[in-house]
1. Taking R0 as 30 Å, what FRET efficiency do you get between residue 46 and residue 93 from their Cβ-Cβ distance, rounded to the nearest 0.05?
2. Calculate one ³J(HN,Hα) per residue across the stretch 119-127 by plugging θ = phi - 60° into the Karplus curve 6.51 cos²θ - 1.76 cosθ + 1.60, and present them in order as whole Hz with x for glycine and proline.
3. How much mean residue ellipticity at 222 nm does the chain get from its helices, if each DSSP H run of length 4 or more adds -39500 (n - 2.57) and you divide by all residues, to the nearest 500 deg cm²/dmol?
4. To the nearest 20 Debye, how big is the dipole of the chain about its Cα centre, given +1 on the beta carbon of each Lys and Arg and -1 on that of each Asp and Glu?
5. Pick from 20, 115, 99 the residue whose mean-square fluctuation is largest in a GNM of the chain, springs joining Cα atoms under 10 Å.
6. When the Karplus curve 6.51 cos²θ - 1.76 cosθ + 1.60 is applied with θ = phi - 60°, which whole-Hz ³J(HN,Hα) does each residue of the stretch 93-104 get, with x for Gly and Pro?
7. At 0.36 nm per residue, minus the direct Cα-Cα distance, what do residue 39 and residue 126 gain on full extension? Give it in nm, one decimal, please.
Amino acid sequence: MTMNQHYERDEDERAWLERTLTGDIPLGGAMDLTVARLDEDGVLLALPLAANVNDKGTAFGGALASAMILAGWSLPRLLMRRAGLKAELVIGRCEIRFTRPVAGAFEAFCPWPDTANCERFVRRLDEAGRASLVLAPEIRADGEVAATLSAKYAALGPSGSPS
């Protein structure tokens, strides 16, 4: 694959992901999120304060949590798409830590897990019909981390069954 073909795939994938997060998931559209970046580092969602504000003029905690959950959800969803696998993808558990208020636009960033974990996720989903991935998205505002999430995402394919 040439560098231009790689870039085109990234742009197509970024556009697909943004359509998915804002069209298939109405909350993403209501939050006015955009996929600012999707690359080898991870996914970066950009969100304005106006669509996510609380009564104190800062970002609503639920919006921050939702942005992190969506950023994390994006990566296993992309792995499934790239592998041509169909499955239901849900967040199985999470722990959120809010560290500072967010008084303006913010970003939700989720780094890719290491290659071995990505490959294990795809292999298990393909072979067993179920897989999980632990991710650590965060909220960034004004160059600082404002919230963190530790989350386990679970994929359940047609041949898998709940545990």
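Quick note: the coordinates plus some simple rules give every number you see, no bench work behind them. Since the structure is predicted, the reported quantities are computational estimates derived from the model, not experimental observations. Methodologically, a virtual Cβ is constructed for each residue, glycine included, from the backbone with ideal geometry; neighbour enumeration extends over all protein chains shown.
1. 0.65
2. 5, 4, 4, 5, 4, 5, 5, 5, 7
3. -12000 deg cm²/dmol
4. 580 debye
5. Of 20, 115, 99, the most mobile in the Gaussian network model is 115.
6. Coupling constants for the stretch 93-104: 7, 7, 9, 10, 10, 9, 10, 6, x, 10, 10, x Hz.
7. 28.9 nm
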